[in-house]
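Peer 1: Got a structure for you, written out below as structure tokens; questions coming shortly.
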Amino acid sequence: MQKITIKKILKKKNKLPIVCLTAYSKNVAKIADKYCDIILVGDSLGMVLYGMKTTRDVKIETMILHAKAVKESTKRSLVVFDMPYKTYTNKFIAYKNAKTVIKLTKCDAIKLEGGTEITNTIKHLVKKGIPVLGHVGLLPQTSGKFKVKGKNSIERKKILNDAIAIFNSGVFAIIIECVVEGLAKEITKNISIPTIGIGASKHCDGQILVTEDMVGLSGFSPKFVKHYANLNKSIEKSIKNYAEDVKMKRFPFIKNVYKWKII
Ligand code: KIV
């Protein structure tokens, strides 16, 4: 099993689609590792796992616990740590936090949300040897509402400029979230590193989804998510059957019981 490196990710541009998913736990990470080029330990875990209203309340300590579990359960995929809100407010804070995160979790790279306003931070981190994955378009840490981006020319121009600016600052790839198709196509054409779309059309060099959305567990189902399973339904059915078995004294069954052998 060969480890996916940043070099390999870069080589896929215009050649092979890049497969990415999020993972927050050991069990999901183990499965995703067999099929994904990149596994993102996303701060979306705040909303998906902890029921927070926004990703802004996610603490770096929480991310570290999940990222450690994910990284320790993977052999192949490139594992990226999503830096939470307010952990990269300037280049020095960003480096201090990123260094700690990499030391404690052994993740391969970090992700930062933003455009021109974080170029100095990206340059500083890259210079210090920390690989950075960019993120433009809809930025959950700062944008508040869930809304498709790039519907007007001012927004399109700004997002394209952001993507070019962070590309020039040294990110190795860029996540483009929830933008109109033409904009994703334009960004992908204008930069020589891979773009990874989430709600950003097939014109990106790769795709990412939040795994819990994709398997129908989170209940979040915007237009861009394809549901490959309905785990919500499966888990509910299992819990309902279990509850009935316990009430009817059908569980534990003989094979679930430890017998007392007299010796
Ligand atoms: O936090 C996250 O899961 C993300 C993805 C939506 C790209 O940033």
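Peer 1: I need the phi-derived Karplus couplings for the stretch 176-188: 6.51 cos²θ - 1.76 cosθ + 1.60, θ = phi - 60°, integer Hz, Gly and Pro marked x.
Peer 2: Calculated HN-Hα couplings, in order: 10, 10, 6, 10, 5, 3, x, 5, 4, 5, 5, 4, 4 Hz.
Peer 1: Arrange the peptides 101-113, 195-207, 221-233 so that the one whose residues have, on average, the most other Cβ atoms within 10 Å appears first.
Peer 2: Top to bottom by mean Cβ count within 10 Å: 195-207, 101-113, 221-233.
Peer 1: Need one number: % antiparallel among DSSP beta bridges in the chain, to the nearest 5.
Peer 2: Antiparallel: roughly 5 percent of the beta bridges in the chain.
Peer 1: Something else now. So how do 242-253, 167-178 stack up, highest first, on mean other-Cβ count within 10 Å?
Peer 2: Numbers: 242-253: 10.4, 167-178: 23.0.
Packing proxy ranking, top to bottom: 167-178, 242-253.
Peer 1: Tally up the carbon and sulfur contribution to the accessible surface of the chain as a whole percent, 1.4 Å probe, everything protein left in place.
Peer 2: Ligands and nucleic acids excluded, carbon and sulfur give 59 percent.
Peer 1: Here is a further query. Relative to the longest principal axis of the chain, what angle (0 to 90°, nearest 10) does the C-alpha long axis of helix 91-105 take?
Peer 2: 30
Peer 1: For the stretch 24-80 and the stretch 3-17, write down the distance between their C-alpha centroids in whole Å.
Peer 2: Result: 21 Å between the Cα centres.
Peer 1: How large is ³J(HN,Hα) for each residue in the stretch 153-158, as worked out from phi by the Karplus curve 6.51 cos²θ - 1.76 cosθ + 1.60 (θ = phi - 60°), to whole Hz, x for Gly and Pro?
Peer 2: Karplus-based 3J(HN,Hα) across the stretch 153-158 equals 5, 5, 5, 4, 4, 5 Hz.
Peer 1: Compute the Cα gyration tensor for the stretch 1-137, then decide on rounded, prolate or oblate, letting a ≥ b ≥ c be the square roots of its eigenvalues: rounded whenever a/c is under 1.5, prolate when a/b is larger than b/c in the other cases, and oblate in all that remain.
Peer 2: Numbers: a/c = 1.56, a/b = 1.13, b/c = 1.38.
Oblate.
Peer 1: Residue-wise, which Karplus ³J(HN,Hα) couplings in Hz belong to the stretch 238-251, taking 6.51 cos²θ - 1.76 cosθ + 1.60, θ = phi - 60°, and x for glycine or proline?
Peer 2: So the J values, rounded to whole Hz, are 5, 5, 5, 5, 4, 4, 5, 4, 5, 5, 8, 6, 8, 10.
Peer 1: Same structure, new question: How about the stretch 61-90: which trypsin sites (Lys or Arg not before Pro) there lie in a loop by DSSP and see at most 15 other Cβ atoms within 10 Å?
Peer 2: Answer in residue order: Lys75, Lys86.
Peer 1: How many nm is it between the label spots at Phe220 and Asn232, if each spot is 7 Å from the Cα in line with the beta carbon?
Peer 2: Each label point lies 7 Å from its Cα, and together they span 1.3 nm.
Peer 1: When the helix-only estimate is applied to the chain (DSSP H runs of n ≥ 4, each -39,500 (n - 2.57), divided by the residue count), what is the mean residue ellipticity at 222 nm, nearest 500 deg cm²/dmol?
Peer 2: -12000 deg cm²/dmol
Peer 1: Restricting to bridges with both residues inside the stretch 53-187, how much of the DSSP beta-bridge set is antiparallel, in percent to the nearest 5?
Peer 2: 10
Peer 1: Give me the angle, in degrees from 0 to 90, between the Cα long axis of helix 60-72 and the longest principal axis of the Cα atoms of the chain, rounded to the nearest 10.
Peer 2: That works out to roughly 70 degrees.
Peer 1: Another question about this same structure. Could you tell me which of the pairs Lys26/Lys259; Lys26/Lys247; Lys13/Lys202; Lys91/Lys127; Lys26/Lys59; Lys15/Lys202 are separated by over 22 angstrom between their Cα atoms in the structure shown? Don't skip to the end; give the middle numbers.
Peer 2: Numbers: Lys26/Lys259 33 Å; Lys26/Lys247 32 Å; Lys13/Lys202 13 Å; Lys91/Lys127 11 Å; Lys26/Lys59 19 Å; Lys15/Lys202 14 Å.
Pairs exceeding the cut-off: Lys26/Lys259; Lys26/Lys247.
Peer 1: If amide H atoms are built 1.01 Å from N in the plane of the peptide, which residues on other chains or at least 5 residues away come under 5 Å of the amide H of Leu40?
Peer 2: Leu21, Thr22, Ala23, Val80
Peer 1: Compute the length gained on full extension between Asn27 and Ala243: take 0.36 nm times their separation in residues and subtract their Cα-Cα distance, giving the result in nm to one decimal.
Peer 2: So the extension gain works out to 75.3 nm.
Peer 1: On C-alpha positions alone, give me the angle between the axis of helix 26-35 and the longest principal axis of the chain, in degrees, nearest 10.
Peer 2: On a 0 to 90 degree scale, this one is about 60.
Peer 1: Under 18 Å from a point placed 7 Å out from the Cα of Thr54 along the Cα-to-Cβ direction: which residues of the stretch 137-171 have their backbone N that close?
Peer 2: Once the point is set 7 Å along Cα→Cβ of Thr54, 137-149 turn out to lie under 18 Å by backbone N, inside the stretch 137-171.
Peer 1: Hey, another quick one. Around Ala173, which amide H atoms from residues at least 5 apart in sequence, or from another chain, sit under 5 Å from its own amide H, with H modelled in the peptide plane?
Peer 2: When sequence neighbours closer than 5 places are left aside, the close amide H contacts are Gly134.
Peer 1: So, for the chain, what is the accessible surface per residue at a probe of 1.4 Å, expressed in square angstrom?
Peer 2: So the chain comes to 57 Å² accessible per residue, rounded to a whole number.
The values are calculated or read from the model by the stated rules, or taken from the named source; none is laboratory data. Here the structure is a predicted model, which means the values were calculated and not measured. A quick note on method: Cβ atoms are made from the backbone with ideal geometry, for glycine too, and the neighbour counts reach across all protein chains shown. Remember, those area values only see protein heavy atoms, side chains included, never the ligands or the DNA or RNA. Shrake-Rupley method; radii C 1.70, N 1.55, O 1.52, S 1.80 Å.
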